[in-house]
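A.B. asks: My structure is below; once you've seen it, I'll send some questions.
The values are calculated or read from the model by the stated rules, or taken from the named source; none is laboratory data. Everything quoted here is computed from the prediction, not taken from an experiment. Virtual Cβ from ideal backbone geometry, glycine too; neighbours counted across all protein chains shown. Ligands, DNA and RNA are stripped out before the accessible areas are found, and what is left, the full protein with its side chains, is counted by its heavy atoms. Shrake-Rupley method; radii C 1.70, N 1.55, O 1.52, S 1.80 Å.
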Amino acid sequence: MFGSHLSVAGGLHNALIEAHEKKMDCVQVFTKNQRQWKTKPLTDEQITLWQKHRKQTDIHSVVSHDSYLINLASPDPVARDKSIALFREELLRCETLDIPLLVTHPGAHMKEGEEAGLKQIIASLDEVHRDLPGLKTITCLETTAGQGTSLGWRFEHLQVILQGCHAPARLAVCLDTAHMFAAGYDMTSQKGTQAMIQELDQLVGLDQVRAIHLNDSKIERGGRVDRHEHIGHGHIAKVAFEWLLSEPAFGDIPKILETAKSPSPNGEPWDLVNLKTLRQMQKRGFKKRNEAKSQKKG
Ligand SMILES: [Zn+2]
Ligand SMILES: [Zn+2]
């Protein structure tokens with residue numbers, strides 16, 4: 001299931017229209033301006049338009065990404081309360097719009113140390129879950145590049161949060177290929193990628209992965225900086241994408257591009273070029289896995 005993060009300029013429903021036009025199966029949106037604290041409540045008109053286009057376009061697999069300002073790990077109580085308030089708002093907007101997944105970056109410990117930061121994230125999530133019982137939307141903790149004091153760049157961090165929260169069923173995981181690579185995971189070969197997936201399975205469980213951000217990386221492996229590149233144009237090996245995209249456990253989950261939108265050299269929108277590349281990579285991955293299977297049998 002492939003899609004892209006699309007603009008909601010002129011109305012949330014415009015992302016659904018564009019996804020449909022570009023023959024995507026899923027889409028990711030910001031339900032509010034991601035760089036602002038303030039939110040305008042959703043109007044009835046917005047909600048009706050959204051629901052109508054959801055039906056018309058038949059795009060039911062929708063992911064929301066929360067605001068970049070939120071830091072659930074903040075050691076500063078004022079900043080943390082502000083973050084929790086906005087995160088609640090993000091969750092409630094998803095609930096209203098019937099968006100099943102909300103992707104969030106776990107948080108940054110601001111030099112308080114990883115352990116303190118992870119504890120703070122667990123406390124924040126528990127508080128939100130206690131205050132808002134019974135919501136359907138699942139929060140997906142995203143793997144990060146490990147820039148600055150960001151947490152979530154090791155699978156161990158996600159494991160600690162998932163195991164520490166009182167309502168683990170309300171949490172899941174979103175992978176980001178560019179982030180995992182920048183964080184140091186070995187996506188330079190098929191073998192490296194296999195080892196990474198195995199590690200993920202042991203620490204977190206592949207069934208916890210509910211969404212994947214598909215981005216190549218401008219930054220070299222272990223660079224700990226988040227810079228997305230078009231698929232096949234960065235430092236991640238093509239075989240790494242092939243293997244990840246053909247992983248059976250990730251079959252039905254939304255796989256979303258977060259790459260630049262400017263037109264590609266031949267004038268075609270980059271999203272369409274990248275989607276074509278991804279579909280080809282996935283096909284090659286399936287073929288490789290089948291060959292490996294029949295070799296084993298023979
Ligand atoms: Zn993200
Ligand atoms: Zn990123």
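A.B. asks: Taking T137, is it more than 16 Å from ligand 1 (Cβ to nearest atom), over 23 Å from L101 (Cβ atoms) and open to solvent by less than 50 Å² (accessible area, probe 1.4 Å)? Quick ask: steps written out before the conclusion?
C.D. replies: Numbers: more than 16 Å from ligand 1 (Cβ to nearest atom): yes; over 23 Å from L101 (Cβ atoms): no; open to solvent by less than 50 Å² (accessible area, probe 1.4 Å): yes.
Here the answer is no, as T137 does not meet what is asked.
A.B. asks: For M187, work out the one condition from (1) open to solvent by less than 20 Å² (accessible area, probe 1.4 Å); (2) outside any loop (DSSP other than H, G, I, E, B); (3) out of contact with any strand residue (DSSP E or B) (no Cβ under 6 Å at 6 or more places or on another chain) it doesn't fulfil.
C.D. replies: (2)
A.B. asks: On to the next question. Could you please find all residues in the range 106-122 being open to solvent by less than 60 Å² (accessible area, probe 1.4 Å) and out of contact with any helix residue (DSSP H, G or I) (no Cβ under 9 Å at 6 or more places or on another chain)? Before the answer, list the steps.
C.D. replies: Here is the first cut: in the range 106-122, the residues open to solvent by less than 60 Å² (accessible area, probe 1.4 Å) are 106-109, 113, 116-118, 120-122.
G113, A116 - these are the residues of the range 106-122 that are open to solvent by less than 60 Å² (accessible area, probe 1.4 Å) and out of contact with any helix residue (DSSP H, G or I) (no Cβ under 9 Å at 6 or more places or on another chain).
A.B. asks: Being assigned to a loop (DSSP other than H, G, I, E, B) and either within 16 Å of ligand 1 (Cβ to nearest atom) or among the hydrophobic types (A, V, I, L, M, F, W, C) (or both): is that true of R224 here?
C.D. replies: On the way: assigned to a loop (DSSP other than H, G, I, E, B): yes; either within 16 Å of ligand 1 (Cβ to nearest atom) or among the hydrophobic types (A, V, I, L, M, F, W, C) (or both): yes.
Here the answer is yes, as R224 does meet what is asked.
A.B. asks: Additional query: What do you reckon, is A172 within 21 Å of L206 (Cβ to Cβ) and either in a helix (DSSP H, G or I) or open to solvent by less than 30 Å² (accessible area, probe 1.4 Å) (or both)?
C.D. replies: Values: within 21 Å of L206 (Cβ to Cβ): yes; either in a helix (DSSP H, G or I) or open to solvent by less than 30 Å² (accessible area, probe 1.4 Å) (or both): yes.
Judged against the criteria, A172 is a match.
A.B. asks: Another question, if that's okay. Does any residue of the range 268-287 turn out to be of a type in the set (A, V, I, L, M), farther than 14 Å from M1 by Cα and either open to solvent by less than 30 Å² (accessible area, probe 1.4 Å) or within 16 Å of ligand 1 (Cβ to nearest atom) (or both)?
C.D. replies: No, that holds for no residue.
A.B. asks: Here's something else I'd like to know. Hey, can you tell me all the residues within the range 144-168 that are within 15 Å of ligand 2 (Cβ to nearest atom) and in a loop (DSSP other than H, G, I, E, B)?
C.D. replies: Selection gives T144, A145, G146, Q147, G148, G152, W153.
Matching residues to (1) within 16 Å of ligand 1 (Cβ to nearest atom); (2) without any contact (Cβ under 8 Å) to a residue 12 or more places away in the chain:
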residue: H20; (1), (2): no, no
residue: D25; (1), (2): no, no
residue: Q34; (1), (2): yes, no
residue: T39; (1), (2): no, no
residue: L42; (1), (2): no, no
residue: T48; (1), (2): no, yes
residue: K52; (1), (2): no, no
residue: S61; (1), (2): no, no
residue: I70; (1), (2): yes, no
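A.B. asks: Let me ask you something else. Testing A178 on (1) open to solvent by less than 20 Å² (accessible area, probe 1.4 Å); (2) closer than 20 Å to I84 by Cβ; (3) of a type in the set (A, V, I, L, M, F, W, C), one condition comes back false. Which one is that?
C.D. replies: Going through (1) open to solvent by less than 20 Å² (accessible area, probe 1.4 Å); (2) closer than 20 Å to I84 by Cβ; (3) of a type in the set (A, V, I, L, M, F, W, C) one by one, A178 breaks only (2).
A.B. asks: Name the single residue that is farthest from ligand 1 (Cβ to nearest atom) among those in the range 190-215 being among the polar types (S, T, N, Q) and open to solvent by less than 20 Å² (accessible area, probe 1.4 Å). Outline the logic, then answer.
C.D. replies: Taking the range 190-215 and keeping what is among the polar types (S, T, N, Q), we get 190, 193-194, 198, 202, 208, 215.
Keeping just the survivors that are open to solvent by less than 20 Å² (accessible area, probe 1.4 Å) gives 193, 215.
On the way: T193: 21, N215: 10 Å.
Checking each candidate, the answer is T193.
A.B. asks: So which residues in the range 165-214 are of a type in the set (F, W, Y) and more than 17 Å from I231 (Cα to Cα)?
C.D. replies: Y185
A.B. asks: So, in the range 227-259, exactly how many residues are charged (D, E, K, R), open to solvent by 20 Å² or more (accessible area, probe 1.4 Å) and outside any strand (DSSP E or B)? Reasoning before the result, please.
C.D. replies: So the first thing to find is which residues in the range 227-259 are charged (D, E, K, R), and the list is 227, 229, 238, 242, 247, 252, 255, 258.
Still in the running and open to solvent by 20 Å² or more (accessible area, probe 1.4 Å): 227, 229, 238, 247, 252, 258.
Retained after the next criterion (residues that are outside any strand (DSSP E or B)): 227, 238, 247, 252, 258.
Of the residues in the range 227-259, 5 are charged (D, E, K, R), open to solvent by 20 Å² or more (accessible area, probe 1.4 Å) and outside any strand (DSSP E or B).
A.B. asks: Does D81 meet the test of being closer than 17 Å to R210 by Cβ and not basic (K, R)?
C.D. replies: Values: closer than 17 Å to R210 by Cβ: no; not basic (K, R): yes.
In short, no.
A.B. asks: Taking the options L171, L141, name whichever one is at pLDDT 95 or above, in contact with a helix residue (DSSP H, G or I) (Cβ under 8 Å, 6 or more places away or on another chain), over 25 Å from G232 (Cα atoms) and within 16 Å of ligand 2 (Cβ to nearest atom).
C.D. replies: Details: L171 fails: within 16 Å of ligand 2 (Cβ to nearest atom).
Criteria check complete, one pass: L141.
A.B. asks: I would also like to ask the following. Mind checking whether some residue in the range 96-113 is among the charged types (D, E, K, R), out of contact with any Asp or Glu (no Cβ under 7 Å at 6 or more places or on another chain) and more than 30 Å from T43 (Cβ to Cβ)? I'd like the intermediate steps shown before the answer.
C.D. replies: Step one: filter the range 96-113 for residues among the charged types (D, E, K, R), giving 98, 111-112.
Filter again for out of contact with any Asp or Glu (no Cβ under 7 Å at 6 or more places or on another chain), leaving 98, 111-112.
Now drop any that are not more than 30 Å from T43 (Cβ to Cβ), which leaves 111-112.
Yes: the range 96-113 contains one or more residues that are among the charged types (D, E, K, R), out of contact with any Asp or Glu (no Cβ under 7 Å at 6 or more places or on another chain) and more than 30 Å from T43 (Cβ to Cβ).
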